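*Asks:* Have a look at this one.
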Amino acid sequence: MDYRFTPEEEAFRQEVRTFLSAELPESWDYDPFELHDEQWEFARDFTKKLGAKRWLAPAWPEEYGGLGLDFMKQVVMAEEMAYRRAPNTSLIGVTYAGPTVIVYGSDEQKKQFLPGITSGEIVWCQGYSEPDAGSDLASLQMTAVKDGDDYVLNGTKTWSSNAHKANWCFLLARTDTEAPKHKGISYLITPMDAPGITVNPLVNMADEHNFNEIVFENVRVPAKGLVGEENRGWYVGMTTLDFERSNISSAAAHRRSFEQLLGYVRENGKRKEERGDGDGVRPRLAEIAIEIEAGRYLSYRVASMQAREQIPNYESSAAKVYHSELGQRLARTGLQVMGLYGQLREGSKYARLRGRFARTYVTSAGATIAAGTSEIQRSIIATRGLGLPRG
Ligand SMILES: Cc1cc2nc3c(=O)[nH]c(=O)nc-3n(C[C@H](O)[C@H](O)[C@H](O)COP(=O)(O)OP(=O)(O)OC[C@H]3O[C@@H](n4cnc5c(N)ncnc54)[C@H](O)[C@@H]3O)c2cc1C
C-alpha cells in the first residue's frame, strides 16, 4: 500500500503553505477556540480570504462554493491549516454541519446553507447537550412543536461552542414526546437571532469564554429548517457526530506542538532544571513522536473513507479517542519538560511558547469530553467495531 500523497497533492500543499506564510503573521500561534475578540476579527477576515479562494471546502461541488477537488486535497488543506494553526471561523460548518446537509439536506437547504459556509460569512454552533442530557443524548428534553410553517422551541442547550458568535445553530429537539426516546427527535437548523433566544456565557478552566448555555423561550423557527424527516433526527444527528469526531487534522496540530517542544529542549538542553525530571525526557519525547505518527494514519483511514463518500463511524471514534488522549499526554509532557517556566505566557524574559503547554494542559481536559467522552467512544468501538454485545 502506498501512503504517499500524489505529486499533484504535494504541489497543492506547497501552494497552501505559500498562501499561509504570506497571510498569517509570523507570530500567529492561537488554537481554534482560544480566540479573544481582537484575534476573532482577524480570524473572520482570514476565513473570508480562504472563502474567496474557494479553499474552505475545496472538495465540495463548485455550485456550493467549493472547487470540486479530490477529497485528499481537502485533507492536505486541513493538515496545513492545522499545522500553522490558521484560524477558520467556518470550521464547524465545513467539518460537520455542511457535510450533514450534503448527506441529508434537501436541494433547497443545500442552496440556502452551503454557500455561507464556503464563503466564510456564516458561523455555526451545535445545540445537542442539555443540562440533563450529555452522554445519554437521547434523553434530551427540548421540545419543538409544529405550528403552521414554524416550529416553536422551548428548552435549554448547554456547552455550545461559539454560540455567542454564531448565525446558525443545528440542534436536536423532541417533536414527539410519546414516542420511544430515540424516535421522537428531529434535527433543526435555527437562526441564532430569532426572538426568544438568550445566550449565556460559560467560562472554562483556562478562564476563556468559548462555550455557552442557550435558552429557548417560545422561539419560532421556520419548519423548512428541518433536516431529514420529522422524528428521525436522531440518525441525522449521529451522522453529524461521525463527521465531528473524524479529527483529520489533529495529528498535524499535535506535530506542530511537538516540534515547538523539541525546539525548546534543543535550545535549553543543558539546563536540567528546566527539563523537569531530566532523564525521562528523551524516551517520553520519542514515545510521543511515535504516537503522533500512528495517529496520522488513523486519521488517514477516516479520510480515505470520506474520499470514497463513506461515513466513518467507529473509525472516527477511534481517531477521536486517540487524538484527544494524545493531546493530554503531549500537554502533560510539555508542562513537565518546561517546568515552572512553562507557565509564563508573556511579560518575562523567561516566557517561552506563550505558556502553550500550561494552557493546553487545562484545555485538553475538555477534548476527551467534547463530541462524546472517551468512555462513549470506547463503547462504540467495542460494539460497532469489534462486534461485542452491549455491556
Ligand atoms: C470543550 C467542550 C466543548 C463542547 N461543545 C459542545 C457543543 O458545541 N455543543 C454541544 O451540544 N455540546 C458540547 N459539549 C458537551 C459535550 O458533548 C458533553 O459534555 C459530553 O457529551 C458529555 O456529557 P455530560 O457533560 O453531560 O457528561 P455525562 O454524560 O454526565 O458523563 C459523566 C461521566 O459519566 C461517563 N458516562 C456516562 N454515560 C456512560 C456510559 N454509558 N458508559 C460509560 N461511561 C459513561 C462519561 O464518560 C463521563 O465520564 C462540549 C463539551 C466540552 C468539554
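The values are calculated or read from the model by the stated rules, or taken from the named source; none is laboratory data. Model, not experiment: these values are computed from the prediction. A quick note on method: Cβ atoms are made from the backbone with ideal geometry, for glycine too, and the neighbour counts reach across all protein chains shown.
*Asks:* Could you tell me which numbered condition Leu388 fails, if it satisfies all but one of (1) assigned to a helix (DSSP H, G or I); (2) farther than 17 Å from Gly263 by Cβ?
*Replies:* (1)
*Asks:* Search the stretch 202-225 for residues being buried (at least 20 other Cβ atoms within 10 Å of the Cβ) and part of a strand (DSSP E or B), and hand back the single one that is nearest to the ligand (Cβ to nearest atom).
*Replies:* Phe211
*Asks:* In the stretch 1-52, how many residues are of a type outside the set (D, E, K, R) and outside any helix (DSSP H, G or I)?
*Replies:* Matching residues across the stretch 1-52 total 13.
*Asks:* Continuing with this model, one more query. Taking the condition surrounded by fewer than 18 Cβ atoms within 10 Å (Cβ to Cβ), within 16 Å of the ligand (Cβ to nearest atom), in the same structural domain as Glu315 (by TED's automatic domain parsing) and under 19 Å from Arg245 (Cα atoms), does Thr373 pass?
*Replies:* Against the criterion (surrounded by fewer than 18 Cβ atoms within 10 Å (Cβ to Cβ), within 16 Å of the ligand (Cβ to nearest atom), in the same structural domain as Glu315 (by TED's automatic domain parsing) and under 19 Å from Arg245 (Cα atoms)), Thr373 qualifies.
*Asks:* How about the stretch 25-66: which of its residues are under 24 Å from Tyr3 (Cβ atoms) and surrounded by fewer than 21 Cβ atoms within 10 Å (Cβ to Cβ)?
*Replies:* The answer is Ala59, and nothing else.
*Asks:* Okay, next question. What pairs come out if I take residues in the stretch 71-95 that are within 22 Å of Trp168 (Cβ to Cβ) and pair them with residues that are among the acidic types (Asp, Glu) whose C-beta lies under 9 Å away, six or more apart or interchain?
*Replies:* Note: pairs meeting the criteria are Ser90/Glu121; Ile92/Glu244; Thr95/Glu244.
*Asks:* Is there a residue being assigned to a helix (DSSP H, G or I) and under 30 Å from Asn313 (Cβ atoms) anywhere in the stretch 343-361?
*Replies:* Scanning the stretch 343-361, I find at least one residue that is assigned to a helix (DSSP H, G or I) and under 30 Å from Asn313 (Cβ atoms), so the answer is yes.
*Asks:* Tally the residues that are buried (at least 16 other Cβ atoms within 10 Å of the Cβ) and either part of a strand (DSSP E or B) or modelled with pLDDT under 95 (or both), restricting the search to the stretch 183-201.
*Replies:* Residues that pass the stated criteria total 8.
*Asks:* For Leu285, indicate whether it is without any contact (Cβ under 8 Å) to a residue 12 or more places away in the chain and either in a helix (DSSP H, G or I) or closer than 25 Å to Asp29 by Cβ (or both).
*Replies:* no
*Asks:* Give me the strands (runs of 3 or more DSSP E) completely within the stretch 75-164, filtered to those with at least 3 residues that are within 16 Å of the ligand (Cβ to nearest atom), ordered by residue number.
*Replies:* It comes to 124-127, 150-161.
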